[in-house]
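Engineer: Sending over a structure as structure tokens; questions will come in a sec.
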Amino acid sequence: MKKALVLGCGLIGKTVALDLASDFEVTVMDPFAEALASLNDEHNIKKVQKSASDAASLSELAKDADIVCGLLPSHLEAAAQEQMLREGKKYVSPSGFLHSKGLDDIAKKNNAIGVYDMGIAPGMSNFLLAKGASMLDELDFGCIYVGGIPDKLDPPFNYRTVFCLEDTMAEYCMPARYVKENKVVEAAALSGLEEIEVDGIGKLEAFFTDGLRSAADNVKGKFVAEKTLRWPGYVDKINILKAAGCFSKTPVTVDGQDVIPFKVTTETLRPLWKLRPENGDRDLTIMKIITKGPREGKLVTYTWQLIDKFDDKMMLHSMARTTGYSCAVTARAIANGIISEPGFHAPEMLAGNQKFYDYLMPELSKRNIVFKMSTLIEEK
């Protein structure tokens, strides 16, 4: 039986570990006893209470691993992924883009194989965007529409979050990179507002955020972008807060104390936006990827659509399911040689690997993560 080392036992780390435990000997490394305790003895997973920042322990645990999965906070991820690639390991993570510069050369030099940003978005989003582009003679239009939303309207914001609220808030303040006429350009966050129809859900609003990551550099076309999905009316509410200065990072004085509006807003919204499954909250992950362009004299549109729901049986958030299982299935593909080229790969760079596509999509379907693909062919 092959061996897997999972770094981190948070929501996604636990999801990856449990999925791999069906056919791997799994070891989980995490410094917090409470996190490790969430894995029951019946799961047959070895638990090691150490931090991945302990380079010697990490090296020892990874020595015999056929695959290492990094599910770490950003400040730990950078060092861990570089160490694993320098040691010639096979490695996968749903993050890593911010610290990926120069690591492809390191991986190739040490015959290591790694994939970064391999979750749902980024991850499957980039992969399918590039897959659609590769099936066309050229890409006229490519857009990832993706978002995690509550399964029902929940006023006043109609929004709940599973992951780091600070990251979500920061996205609303930074320019969004997208591709226009094969060049990377920028748009203001929350701009480009449009309404789209999602089968089985209805109307949602979509707007620019900086979500393309490596795909902005690796997928060329006349228009390539990622837009975040929310229930209608959300952007207007956020723009009101921004106009009122609630997202400002410039200190203001209140009762003789300097406070930063951005931090106050974040802490004020945190209890309002936290997804609470114990109170009946449920989330949806919605993704719609559209690629359009000429092929063999016709105008062809390829669309992939995903609607994923909270898992009531496992009490598992949809965003954790889709992120964790995408990472776990890719881990198997690396460990089993389906992804075999040395290097540190972005998801979109794997789009030409048909063997991986043919393995990945059915494996996700087995976990009820089903991308429905459709093709529209028109005369030019």
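Engineer: Need the C-alpha centroid separation for segment 186-225 versus segment 313-380, integer Å.
Structural biologist: 21
Engineer: If you don't mind, there's one more thing I want to ask. Collect residues whose amide H, placed 1.01 Å from N in the peptide plane, falls under 5 Å from the amide H of Met118; neighbours closer than 5 in sequence don't count.
Structural biologist: Ser93, Ser95
Engineer: Describe numerically, in nm with one decimal, the distance between label points set 7 Å from Cα along Cα→Cβ at Lys50 and at Asp151.
Structural biologist: With each label placed 7 Å out from Cα toward Cβ, I get 4.1 nm.
Engineer: Something else about it: So which residue, out of Tyr91, Tyr357, Tyr178, gets the largest mean-square fluctuation from a GNM of the chain using Cα contacts under 10 Å as springs?
Structural biologist: In the Gaussian network model the winner is Tyr357.
Engineer: For Ala33, what charge total do you get from the other residues with a beta carbon under 15 Å from its beta carbon, if Lys and Arg give +1 and Asp and Glu give -1? The partial results should precede the final answer.
Structural biologist: Details: positive: Lys14, Lys46, Lys47, Lys50; negative: Asp30, Glu34, Asp41.
Combined, the nearby Lys, Arg, Asp and Glu give +1.
Engineer: Listing Thr291, Thr161 from the residue with the fewest other Cβ atoms within 10 Å to the one with the most, what is the order? Working shown, then result.
Structural biologist: Values: Thr291 27, Thr161 20.
The fewest-first ordering by Cβ neighbours comes to Thr161, Thr291.
Engineer: When only C-alpha pairs under 8 Å and at least 6 residues apart count, what is the relative contact order of the chain, in percent?
Structural biologist: Values: 816 pairs, mean separation 75.9, N = 380.
About 20 percent, as a whole number.
Engineer: Which order results if Met315, Met174, Met287 are arranged by neighbouring Cβ count within 10 Å, fewest first? If you can, show how the numbers build up before the last one.
Structural biologist: Working: Met315 9, Met174 12, Met287 23.
Result, fewest neighbours first: Met315, Met174, Met287.
Engineer: Order of Glu42, Glu363 from fewest to most other C-beta atoms within 10 Å? Intermediate values should be presented prior to the final figure.
Structural biologist: Numbers: Glu42 6, Glu363 18.
The most exposed by this proxy come first: Glu42, Glu363.
Engineer: Between (1) 142; (2) 164; (3) 155, which entry matches volume of the Cα convex hull per residue in Å³ as derived from the coordinates of this structure?
Structural biologist: The listed entry that was calculated here is (3).
Engineer: May I ask which residue of Ser326, Leu272, Asn353 lies farthest towards the positive end of the charge dipole of segment 270-375, with charges of +1 (Lys, Arg) and -1 (Asp, Glu) on Cβ and the Cα centre as origin?
Structural biologist: Projecting each Cα onto the dipole axis, the largest value belongs to Leu272.
Engineer: Moving on to the next point. Considering amide H positions built from the backbone, and no H for Pro or chain starts, which residues 5 or more places from Glu25, or on another chain, come under 5 Å of its amide H?
Structural biologist: So Glu25 has HN proximity to Lys2, Lys3, Ala4.
Engineer: On a full-extension model of 0.36 nm per residue, what is the gain between Asp105 and Glu60, subtracting their alpha-carbon distance, rounded to one decimal in nm? If you can, show how the numbers build up before the last one.
Structural biologist: On the way: separation 45, 0.36 × 45 = 16.20 nm, distance 2.38 nm.
Extra length from Asp105 to Glu60 when fully extended: 13.8 nm.
Engineer: With both bridge residues required to lie in the chain, what share of the DSSP beta bridges run antiparallel, to the nearest 5%? Write out the running numbers ahead of the final one.
Structural biologist: On the way: 51 of 79 bridges.
Antiparallel bridges: around 65 percent, rounded to the nearest 5.
Engineer: Anything over 23 Å Cα to Cα? Flag those among Lys47/Lys89; Lys180/Lys288; Lys3/Lys90; Lys237/Lys309, in the order listed. Before the final figure, lay out each step's value.
Structural biologist: Working: Lys47/Lys89 20 Å; Lys180/Lys288 20 Å; Lys3/Lys90 11 Å; Lys237/Lys309 26 Å.
Over 23 Å apart, Cα to Cα: Lys237/Lys309.
Engineer: What residue among Asp210, Asp137, Asp117 has the largest mean-square fluctuation in a Gaussian network model of the chain, using Cα springs under 10 Å?
Structural biologist: Judging by the Gaussian network model, the answer is Asp137.
Engineer: How many nm is it between the label spots at Asp236 and Ser340, if each spot is 7 Å from the Cα in line with the beta carbon?
Structural biologist: 5.7
Every number in this text was worked out from the coordinates using simple rules, so none of it is lab data. Everything quoted here is computed from the prediction, not taken from an experiment. So basically every Cβ, Gly included, is an ideal-geometry build from the backbone, and we count neighbours across all protein chains shown.
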